[in-house]
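Beneath this line is the structure, given in structure tokens, with notes to follow.
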């Protein structure tokens, strides 16, 4: 039975798009298993990070879509709040969504992060993860949004980091 689930999960990656069919909860459980991640994403050797194929090649992601939201950044923090239009103090408790960029979007996000910690309003084109699993540093984030293009990135008044951090 497990072999059938693994082949179903692998079939999600057969096409160039995940729009063939969204993964079921059972598919996501298989995809999120450590053994599957090591085999699929690291070529069987988790200790050689050079073999990692990247989140969007390893896990199922949806089709490209317009993405908007608020991003809070700090060292190894990329708390993204999809759909949010302004900062709210409750955001300081963290987000379950990691934001990353690909190509030129990655470079732009890295440039902004080098300006220091902060809060940003983001509008771009990207894809959302379809299975909750471990994204970002140490796998702390349940979801991920991967931007391929940024239309605008606006630094907000500095509500971040809160006093005491």
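Condition first: in the same structural domain as residue 29 (by TED's automatic domain parsing), exposed (fewer than 13 other Cβ atoms within 10 Å of the Cβ), free of Cβ contacts under 8 Å to residues at least 60 places away in the same chain and farther than 19 Å from residue 32 by Cα. Can you find one or more residues in region 89-106 that meet it? No, every residue in region 89-106 fails to be in the same structural domain as residue 29 (by TED's automatic domain parsing), exposed (fewer than 13 other Cβ atoms within 10 Å of the Cβ), free of Cβ contacts under 8 Å to residues at least 60 places away in the same chain and farther than 19 Å from residue 32 by Cα. Considering region 76-88, and only residues there that are surrounded by fewer than 16 Cβ atoms within 10 Å (Cβ to Cβ) and modelled with pLDDT of 85 or more, the residue that is farthest from residue 150 (Cα to Cα) turns out to be 88. Would you mind stating whether residue 43 is within 14 Å of the chain's Cα centre (by Cα), surrounded by fewer than 19 Cβ atoms within 10 Å (Cβ to Cβ) and modelled with pLDDT of 80 or more? So residue 43 fails the test.
With respect to the conditions (1) touching a residue at least 60 places away in the same chain (Cβ under 8 Å); (2) at negative phi; (3) touching a helix residue (DSSP H, G or I) at 6+ places or on another chain (Cβ under 9 Å), residue 76 lacks only one, and its number is (2).
The values are calculated or read from the model by the stated rules, or taken from the named source; none is laboratory data. Note that the structure is a prediction, hence the values are computed from the model and not measured. For neighbour counting, all protein chains shown are included, and Cβ atoms are generated from backbone atoms with ideal geometry for every residue, glycine included.
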